[in-house]
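S.K.: Structure below; questions to follow.
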Amino acid sequence: MSDVESGGRDDDHGVRPLYAGSPYPAWHRREGSTRYRLITTTAPTTLGEMYPATTFVFFMVGGLIAMLIRAERTVRGLQFLLNEQYNQPFTSTPRSCCCCTRHSR
């Protein structure tokens with residue numbers, strides 16, 4: 001009877017035989033690994049799927065900004081955006097941010 005058939009024990013010495021295996025523990029997906037994989041990918045299929053999604057997001061953000069500008073200009077004297085917030089979509093330098101004061105003058 002071989003070692004495998006006898007349950008992996010060597011009857012002469014009581015020592016289990018060594019089998020080739022991975023020296024590393026089993027890999028488990030970490031939390032957030034999908035986000036890391038998407039950011040660092042170079043796979044053409046994944047990049048091709050990300051282009052339409054990114055395009056759609058920027059299209060929606062641009063549409064929201066356009067609606068805010070149109071709403072601001074609808075009625076004379078009606079002002080629900082600050083002057084600085086109204087001018088931000090037209091400028092290329094981030095003088096101030098709507099979410100922080102890091103860029104303030």
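Read-outs throughout are calculated quantities, based only on the coordinates presented, and are distinct from any laboratory measurement. This is a predicted model, so every value here is computed, not measured. Cβ sites come from the backbone with ideal geometry, for glycine too, and all protein chains shown count toward neighbours.
S.K.: Between residue 34 and residue 70, what FRET efficiency comes out of the Förster formula 1/(1 + (r/R0)^6) with R0 = 41 Å and r the beta carbon distance, rounded to 0.05?
M.R.: FRET efficiency, residue 70 to residue 34: 0.65.
S.K.: Sticking with the crude label model, points 7 Å out along Cα→Cβ, report the distance from residue 79 to residue 53 in nm, one decimal please.
M.R.: Using points 7 Å along Cα→Cβ, the separation is 4.1 nm.
S.K.: Apply the Karplus parameterisation 6.51 cos²θ - 1.76 cosθ + 1.60, with θ equal to phi minus 60°, to every residue of segment 65-74 and state each ³J(HN,Hα) to the nearest whole Hz, in sequence, with x for glycine and proline.
M.R.: Values per residue, Gly and Pro as x: 4, 4, 5, 5, 5, 5, 5, 5, 8, 5 Hz.
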